[in-house]
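Only one structure is covered here, and it is reproduced in the block below.
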Amino acid sequence: MKKKKWISSVAALTMTAMLFTGCGSAGGNNAAGDRAGKDASDKPQGKLTVYIGFQEDHAVAAIKKFTEDTGIEASMIRMSAGEILAKVRAEKDNPQADVWYGGPADTFVQAASEGLLQPYQSPVAEKIDAKYKDPEGYWTGVYVGAVGFASNKEFLEKKGVQAPTKWADLLNPAFKGEIVMADPASSGTAYTAMYSVLKVMGSEEKGFEYLKSLHPQIQQYTTSGAAPGRMVGMGEAGVGILFAHDIIKYQEEGFDSLVLTVPQDGTGYETGSIGIIKNTKNEELAQKFVDWALSPGAQELGKTVGSFQNLTNPDAVGPEQALDLSDIRTIDYDVVEAGKERQRLIDKWSAEVKK
């Protein structure tokens with residue numbers, strides 16, 4: 001498959017953890033950078049550790065740009081949202097990170113309910129729509145992305161079927177053993193998809209009946225929510241369930257065989273968020289990172305490295321490739337309910353579906 005020239009450099013960055021240490025910068029005129037302590041004489045001492053839940057190349061670029069804009073040193077570890085939640089929970093008595101950046105808000109809701117986050121109401125968040133932030137400041141949305149289907153064009157032609165456009169289409173016998181999605185226990189993407197199914201089907205009971213019917217169609221439950229898109233693009237599976245912006249990313253990288261469709265009977269979406277980990281040793285620096293991440297400049301960074309989500313700051317210019325959410329049928333995704341029910345629903349899925 002034909003790849004764009006920069007994909008090789010992106011692939012080189014796919015490491016489980018990466019450390020970036022920046023030096024102070026006296027230049028630049030970014031307003032968010034000024035608020036975050038750009039003047040070296042005002043820079044608090046210390047170094048940030050950030051757990052990041054979006055794509056690796058975006059994560060790397062974000063940490064590098066934050067240091068360039070503020071002069072504050074930072075390192076990062078990239079994980080799926082469910083993995084971050086588990087790690088923050090395990091480190092509760094001795095936090096090893098300061099900020100959680102990226103991943104669906106419902107995982108932040110669960111973390112807050114377990115006492116794992118501390119509130120911070122950034123002045124930058126005042127411009128962000130109330131539906132994309134916690135009223136007490138435990139989390140604030142940075143981007144929004146809807147669940148979609150990725151299909152392999154050659155697979156569809158070989159099977160003589162159309163790309164799925166409804167959830168029921170995934171039960172087509174032609175797709176048996178050919179669908180990939182992530183595990184809801186590790187992936188915020190997969191939990192968003194699972195919760196969406198329950199809402200689309202009209203009840204938890206009907207939703208789980210559907211998920212049980214879908215299970216034999218599944219070839220693999222991956223750890224990472226975005227992994228199914230690459231697998232489908234490489235012809236390792238026929239159909240993947242993941243966020244539409246990740247499918248667009250793979251298309252832009254040169255996976256020309258990918259076909260993107262969005263469930264016409266309704267789909268859910270994530271509010272990718274940011275929050276401060278409770279008992280951080282670098283509270284002031286963590287607040288400056290949140291201010292920076294919510295700024296237009298930081299939100300617009302994603303599109304320069306192939307991240308095509310919709311943005312929450314109204315002053316930020318989103319990527320041209322992003323889906324227009326007004327053109328698709330989205331469910332009433334209750335982030336708070338999804339977060340409160342998250343562990344119970346995942347445990348139920350593991351016991352009754354995956355088993």
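The values are calculated or read from the model by the stated rules, or taken from the named source; none is laboratory data. Keep in mind that this is a model prediction, so the values were computed, not measured. Virtual Cβ from ideal backbone geometry, glycine too; neighbours counted across all protein chains shown. The area values use the complete protein model at the heavy-atom level, side chains included, leaving out ligands, DNA and RNA. Shrake-Rupley method; radii C 1.70, N 1.55, O 1.52, S 1.80 Å.
Touching a residue at least 40 places away in the same chain (Cβ under 8 Å) and under 21 Å from the mean Cα position of the chain (by Cα): which single residue out of Ala237, Ala190 fits that description?
On the way: Ala237 fails: under 21 Å from the mean Cα position of the chain (by Cα).
Answer to the check: Ala190.
Of all the criteria given as (1) open to solvent by less than 10 Å² (accessible area, probe 1.4 Å); (2) over 30 Å from Glu68 (Cβ atoms); (3) assigned to a strand (DSSP E or B), the one not satisfied by Val259 is (1).
Filter the range 116-130 for residues that are under 13 Å from Pro314 (Cβ atoms) and either acidic (Asp, Glu) or touching a Ser or Thr at 6+ places or on another chain (Cβ under 8 Å) (or both) and give the result. Answer for the range 116-130, where residues must be under 13 Å from Pro314 (Cβ atoms) and either acidic (Asp, Glu) or touching a Ser or Thr at 6+ places or on another chain (Cβ under 8 Å) (or both): Val124, Ala125, Glu126, Ile128, Asp129. State yes or no: is Gly22 buried (at least 23 other Cβ atoms within 10 Å of the Cβ), at pLDDT below 95 and outside the structural domain of Pro135 (by the TED database)? Considered against the rule, which asks whether it is buried (at least 23 other Cβ atoms within 10 Å of the Cβ), at pLDDT below 95 and outside the structural domain of Pro135 (by the TED database), Gly22 comes out as no.
Of all the criteria given as (1) more than 17 Å from the chain's Cα centre (by Cα); (2) without any contact (Cβ under 8 Å) to a residue 40 or more places away in the chain, the one not satisfied by Glu284 is (2). Ala150 satisfies every condition listed in (1) open to solvent by 20 Å² or more (accessible area, probe 1.4 Å); (2) on the phi < 0 side of the Ramachandran plot except (1). Kindly evaluate Gln343 against the criterion of being open to solvent by 60 Å² or more (accessible area, probe 1.4 Å) and within 17 Å of Phe108 (Cβ to Cβ). Judged against the criteria, Gln343 is a match.
Remark: pairs (first residue in the range 52-66, in contact (Cβ under 8 Å) with a residue 40 or more places away in the chain; second residue crowded, with 24+ Cβ neighbours inside 10 Å and among the polar types (S, T, N, Q); Cβ separation under 7 Å; 6+ apart in sequence or on different chains) = Gly53/Ser80; Phe54/Ser307; Gln55/Ser307; His58/Ser307.
The residues of the range 193-205 that are among the polar types (S, T, N, Q) and either surrounded by fewer than 18 Cβ atoms within 10 Å (Cβ to Cβ) or without any contact (Cβ under 8 Å) to a residue 24 or more places away in the chain (or both) amount to a single one, Ser203.
Restricting attention to the range 61-98 and to residues that are hydroxyl-bearing (Ser, Thr, Tyr) and either surrounded by fewer than 23 Cβ atoms within 10 Å (Cβ to Cβ) or assigned by the TED database to the domain that holds Asp183 (or both), the residue that is nearest to Thr223 (Cα to Cα) turns out to be Ser75.
The sole residue among Pro319, Pro314 that is open to solvent by 70 Å² or more (accessible area, probe 1.4 Å) and either in the same structural domain as Asp98 (by the TED database) or hydroxyl-bearing (Ser, Thr, Tyr) (or both) is Pro314.
Scanning for something outside any helix (DSSP H, G or I), acidic (Asp, Glu) and open to solvent by less than 30 Å² (accessible area, probe 1.4 Å), does the range 276-297 turn up at least one residue?
Looking only at the range 276-297, we keep the residues that are outside any helix (DSSP H, G or I), and these are 276-282, 295.
Then drop every residue that is not acidic (Asp, Glu), which leaves none.
Looking for residues that are outside any helix (DSSP H, G or I), acidic (Asp, Glu) and open to solvent by less than 30 Å² (accessible area, probe 1.4 Å), one finds none in the range 276-297, hence no.
No other residue among Gln110, Gln118 is touching a residue at least 24 places away in the same chain (Cβ under 8 Å), closer than 19 Å to Gly268 by Cα and either surrounded by fewer than 21 Cβ atoms within 10 Å (Cβ to Cβ) or touching a helix residue (DSSP H, G or I) at 6+ places or on another chain (Cβ under 7 Å) (or both) apart from Gln110. The C-beta contact set for the range 163-182 (first residue assigned to a loop (DSSP other than H, G, I, E, B), second residue of a type in the set (Asp, Glu), distance under 6 angstrom, 6+ apart or interchain) comprises Lys166/Asp265.
With respect to Asp246, is the statement that it is assigned by the TED database to the domain that holds Pro184, assigned to a loop (DSSP other than H, G, I, E, B) and open to solvent by 10 Å² or more (accessible area, probe 1.4 Å) true? No; evaluated as a whole, the condition is false for this residue. Do we have Asp265 as surrounded by fewer than 24 Cβ atoms within 10 Å (Cβ to Cβ), within 30 Å of Pro164 (Cα to Cα) and without any contact (Cβ under 8 Å) to a residue 40 or more places away in the chain here? No; evaluated as a whole, the condition is false for this residue.
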